[in-house]
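What follows is a short report on a single structure.
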Amino acid sequence: MINNLVRLGKMSWEEFTKLSTKNRAPYLSDDSDRFVHLIYAQQFNRDNLEYIGQLATKIRMMAKSKEGSDFLSTLLSDKRAMLYFTQPSTRTFLSFMAACQILGMKVAEVRDATTSSEYKGESAEDSVRVFSSYSDLIVMRTKLKGLAERMAWLLSNSKRLVPIINAGSGKDQHPTQALLDIYTLQRSFEDINGIDGKHIVFVGDLLRGRTVRSLAFLLGNYNDVKMTFVAPDAFQIGSDILEYLDKKGIQYDLSQNFKSVIPTADAIYMTRVQDEWDNEEGESAKVDISNFWFGDEELKLLQKHAVIMHPLPRREEISTSVDQDKRAVYWRQMRNGMWVRAALIANIFAVDTEILNFSE
Amino acid sequence: MINNLVRLGKMSWEEFTKLSTKNRAPYLSDDSDRFVHLIYAQQFNRDNLEYIGQLATKIRMMAKSKEGSDFLSTLLSDKRAMLYFTQPSTRTFLSFMAACQILGMKVAEVRDATTSSEYKGESAEDSVRVFSSYSDLIVMRTKLKGLAERMAWLLSNSKRLVPIINAGSGKDQHPTQALLDIYTLQRSFEDINGIDGKHIVFVGDLLRGRTVRSLAFLLGNYNDVKMTFVAPDAFQIGSDILEYLDKKGIQYDLSQNFKSVIPTADAIYMTRVQDEWDNEEGESAKVDISNFWFGDEELKLLQKHAVIMHPLPRREEISTSVDQDKRAVYWRQMRNGMWVRAALIANIFAVDTEILNFSE
Amino acid sequence: MINNLVRLGKMSWEEFTKLSTKNRAPYLSDDSDRFVHLIYAQQFNRDNLEYIGQLATKIRMMAKSKEGSDFLSTLLSDKRAMLYFTQPSTRTFLSFMAACQILGMKVAEVRDATTSSEYKGESAEDSVRVFSSYSDLIVMRTKLKGLAERMAWLLSNSKRLVPIINAGSGKDQHPTQALLDIYTLQRSFEDINGIDGKHIVFVGDLLRGRTVRSLAFLLGNYNDVKMTFVAPDAFQIGSDILEYLDKKGIQYDLSQNFKSVIPTADAIYMTRVQDEWDNEEGESAKVDISNFWFGDEELKLLQKHAVIMHPLPRREEISTSVDQDKRAVYWRQMRNGMWVRAALIANIFAVDTEILNFSE
């Protein structure tokens, strides 16, 4: 499946890690730009974002019929995936599980945080490599910073290349989350010229949410996107993001007046307060966030074609009365995660052509 | 699969919950009386009990051959089930797992009790709805009273109907347990005119066992059944059940003389002392239950066609020497749970006709 | 599948347990020497070791192609396996999981140590028997000494024979571990006349490692094997093994000079210090083991055709710089475990002929 033209296998760990993240990215694909491993969001560009989106849509459509669904299940019926989730995330786990099942993969899991250190003195690398013995793909979520990358290098330099997908490492990268947000925007705007030229409004705790940061970065791949960051001072977006947008020449605004921004928005991306990052004093509780909630009144101000997104879980920031509105796409957004992850795995194992050629 | 004629989706939560449990039941089926959700034992009537039993028997027979088994596995190969078991029950879990596997469903699980409250401030409804994004069926066991029912309503009123099966909620309803007991009786008496007219003897802790209560209620659907409740005073059946039987005109006896009852029994339903419901003083330990045990002597008194049932686990109330007797059907009873659960799921997803029409 | 000529079902538990382990072995196979249960390493002899090895190799070759792999997946698609692992071992668990998946079995698991004692007063036998209701095979790892054997007898004497595979019980037997070590030797020497006449060198903590003891016993089935046990005095192999080798007329040496032994070795079997068996004083820390490590210098002394094995996990006893050498077969050894376990299960369910007859 995975062809021999793997660049990473020709490089020492020292050479590799001297490169910037952006420059490491090509080494994780093969010479035909197929993903071998997915470790960083920096591996995405407009071309592969569009391609994965197209593939996800085809998979989603095929899955509507039993015939299409059963065909998908034959594609990787000879492969076993290992979901190595020593850092727990039930949602990401279940989304990848479903993605693997859609393609007919057999799945095994390691979820116990103690498993990776089960044996005193064994290195994390050895431990993951043992698990790789039984499988053809490792989806990996761990607190150990850099382990996914290290395993990608190690397995690319072993007798048995097993692809690694990073499913989130600590506060760090979680590339498939950004992918599903982009796909939700692609899908929402598919009849109105795609993401180019759209106005995306981010609302809530923009400082500490990983998803907002990643999505803002990836939107840099599109033309004439405008972004507005709506948040109280204490939670406003970080200056590193703004510097990046300045450098890319992307137009943005900062605002505290949510209602004034809604009428021009094409997408509203709501977020919750990330108080798990609070210090001991619990600074979040002192911030009044109630002006940054979305309810029935805000719904009236929203354009007909616009969408409301949320990475979930939500608290009070979106009223449940909004759930029934067809512009509320946050449940669909979760489900999109499953489709893009299936598309990504199909790409890695080179069964994408079979999918795109399928017709009932 | 699930047709559009879903009554529940046309009704507000307030209207729905004003109804008695009995009157809510029809709203959980569609207009052709197919189960959409299974939440209460009150959804069962003689017709659907017989039908599920017939379907379970066909599935059981088909599963004896590789050809039949492989055919069953194709029926729901395009569906994913979520076993949401935040209240643990390994046995019920494994029984539903096997039922899903028999029909070729792909299965994912949420078993960690902390998962549902993984995110501070997220509602239980949102949490389950996220899990529903990845699946086509939710089998749900939770301590949260009424959650299964609430999710059934919520998902019937969403863009994506996902059926809910209640696999036990707290001290409350556990409808598939009652179903397997009825099926075990159907199967045991299939050559002798079915359940009508039979004498069912309940023995042990009849006050606190949920299974005895449910089965006694469901037996009300059959003609000329006689029940005897054999227990020490402290554990005798509750007066609410007796009132129900009186109202239905069902004949019953109370007894403390086990041996005198055995010779006329068609089924003996043994139960263990449910001391997990004891108060701090441990009142169960003070009750002498040894006269309500079944051993070799009791076996001699039992009719040839009669059966001994037990919901398991057992303690001393049935001697292991009885296990080898062909009238001891408690292991088969466990296995019957798997068959009726498969039949129920087949009914929900409308693959029952394909099953009943199968011939090798 | 499993034929009726099961010897164990004709014997009482008392008769059975009066026999020596060696004499019990035949009762766990059927009249055509097919395994019904696998409980002890004493069930292996040269014939069935060679046969399982041959079957494992065919499965391994078939799994290289999608066609072969998909064919294997049809063989036991009508069977469900229960992985009952109340004594944790992630690696053994995953290896059996993969083995079952290779043959298309559906898998369910019981891994929580508290599950087997979930119900106060229920016997372990009843508990496992409940789980057997839902499955066609039980792979069992438990701390309860003798439970696997007892269940094998019990289920052979029930209406529904479910095979038991012992996946390790306490400090006791772990027969499939020994099987994978033998298979790794068979495979390593397949072009040079097999295991007969080879020199196997065991290194490290030979006193407390279960794998070394089992492998030494099984090597007694081969001709003209020579063994050298290289260890500090404190960790040297037990006298019971040496007595066994003496009785079998097998040639062996004890040594503390690792380097002098390497040049004549055909296989080096490295092991880690098993300090989990230490007493409170931690006697292992007092032993200098550094002369018993394998690194670049040792590699230079090793014959071209020889192999380095390790049951893993490793600590410092093998340098990671050795990993890239083609004689380092310890990762392959893990993977071999998966192949021999699949072969064993194929043998039990009598699909071995279909496998051996397969040609693309």
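The values are calculated or read from the model by the stated rules, or taken from the named source; none is laboratory data. Note that the structure is predicted; figures quoted are calculated from it, not measured. Cβ: placed from backbone, ideal geometry, glycine included. Neighbour counts: every protein chain shown.
Does segment B:186-219 hold any residues that are of a type in the set (Lys, Arg) and without any contact (Cβ under 8 Å) to a residue 40 or more places away in the chain, and which are they?
B:ARG210, B:ARG213
Return a yes/no flag: does segment A:292-299 have any residue that is in contact with a Phe, Trp or Tyr (Cβ under 6 Å, 6 or more places away or on another chain) and not hydroxyl-bearing (Ser, Thr, Tyr).
The answer is yes; a qualifying residue exists.
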Out of C:VAL287, C:VAL307, which single residue is aliphatic (A, V, I, L, M) and surrounded by fewer than 21 Cβ atoms within 10 Å (Cβ to Cβ)?
-> C:VAL287
Whichever residue in segment C:52-80 is without any contact (Cβ under 8 Å) to a residue 60 or more places away in the chain and more than 22 Å from A:ARG160 (Cβ to Cβ) and, among such residues, is nearest to the other protein chains (Cβ to nearest Cβ) = C:ASP78
Of the residues B:ASP246, B:ASP233, B:ASP275, which single one is in contact with a helix residue (DSSP H, G or I) (Cβ under 6 Å, 6 or more places away or on another chain), acidic (Asp, Glu) and farther than 13 Å from B:PHE202 by Cβ?
-> B:ASP275
Could you list, in sequence order, the residues of segment C:232-250 that are in contact with a strand residue (DSSP E or B) (Cβ under 7 Å, 6 or more places away or on another chain) and polar (S, T, N, Q)?
-> C:GLN236
Could you list, in sequence order, the residues of segment C:65-92 that are modelled with pLDDT of 95 or more and surrounded by fewer than 20 Cβ atoms within 10 Å (Cβ to Cβ)?
-> C:SER65, C:LYS66, C:GLU67, C:SER69, C:ASP70, C:PHE71, C:SER73, C:THR74, C:SER77
Which of the residues that make up segment A:249-260 are among the aliphatic types (A, V, I, L, M) and closer than 17 Å to A:ASP205 by Cβ?
-> A:LEU254
What number of residues in segment C:142-157 are away from chain B (no Cβ under 13 Å) and either touching a Cys at 6+ places or on another chain (Cβ under 6 Å) or surrounded by fewer than 19 Cβ atoms within 10 Å (Cβ to Cβ) (or both)?
-> 4
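Results for (1) closer than 30 Å to B:ILE164 by Cβ; (2) within 14 Å of chain C (Cβ to nearest Cβ); (3) in contact with a Leu (Cβ under 8 Å, 6 or more places away or on another chain), shown as yes or no for each residue.
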| residue | (1), (2), (3) |
| --- | --- |
| B:PRO263 | no, no, yes |
| B:MET270 | no, yes, no |
| B:ILE308 | no, no, yes |
| B:SER319 | no, yes, no |
| B:ASP325 | no, yes, yes |
Qualifying position, being within 14 Å of chain B (Cβ to nearest Cβ) and in contact with a Phe, Trp or Tyr (Cβ under 9 Å, 6 or more places away or on another chain), among C:ALA99, C:ALA108 | C:ALA108
Given the residues A:VAL139, A:VAL162, A:VAL128, which is the only one that is over 30 Å from B:LEU75 (Cβ atoms), surrounded by 20 or more Cβ atoms within 10 Å (Cβ to Cβ), in contact with a Leu (Cβ under 6 Å, 6 or more places away or on another chain) and β-branched (Val, Ile, Thr)?
-> A:VAL162
Taking the condition surrounded by fewer than 17 Cβ atoms within 10 Å (Cβ to Cβ) and within 16 Å of C:THR211 (Cβ to Cβ), does C:GLY249 pass?
-> no
Which condition breaks for C:ASP33 when tested against (1) within 14 Å of chain B (Cβ to nearest Cβ); (2) closer than 16 Å to C:ILE348 by Cβ; (3) free of Cβ contacts under 8 Å to residues at least 40 places away in the same chain?
-> (1)
Please name all residue pairs, on different chains or six or more residues apart, with Cβ atoms under 8 Å, provided the first residue is in segment C:324-350 and is assigned by TED's automatic domain parsing to the domain that holds C:PHE294 and the second residue is of a type in the set (Asp, Glu) and not in a helix (DSSP H, G or I).
-> C:TRP331/C:ASP323
For A:THR264, the lone unmet condition from (1) over 12 Å from A:VAL201 (Cα atoms); (2) touching a residue at least 40 places away in the same chain (Cβ under 8 Å); (3) in the same structural domain as A:ASP224 (by TED's automatic domain parsing) is (1)
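Here is a yes/no grid of residues against (1) more than 25 Å from A:ALA342 (Cα to Cα); (2) at pLDDT below 95; (3) among the basic types (Lys, Arg); (4) out of contact with any strand residue (DSSP E or B) (no Cβ under 6 Å at 6 or more places or on another chain):
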residue	(1), (2), (3), (4)
B:SER95	yes, no, no, yes
B:CYS100	no, no, no, no
B:MET105	no, no, no, no
B:VAL110	no, yes, no, no
B:SER117	yes, yes, no, yes
B:GLU125	yes, yes, no, yes
B:ILE138	no, no, no, no
B:LYS143	yes, yes, yes, yes
B:GLY146	yes, yes, no, yes
Please enumerate the residues belonging to segment A:20-37 that are over 17 Å from A:GLN173 (Cα atoms) and exposed (fewer than 14 other Cβ atoms within 10 Å of the Cβ).
-> A:ASP31, A:SER32, A:ASP33
Unmet criterion (only one of (1) in contact (Cβ under 8 Å) with a residue 40 or more places away in the chain; (2) within 12 Å of another protein chain (Cβ to nearest Cβ)) for C:LEU137 = (2)
Of these, A:TYR183, A:TYR222, which one is crowded, with 21+ Cβ neighbours inside 10 Å and in contact (Cβ under 8 Å) with a residue 60 or more places away in the chain?
-> A:TYR183
Exclusive hit being of a type outside the set (A, V, I, L, M, F, W, C), touching an Asp or Glu at 6+ places or on another chain (Cβ under 9 Å) and not in a helix (DSSP H, G or I), set A:GLY197, A:GLY168 | A:GLY197
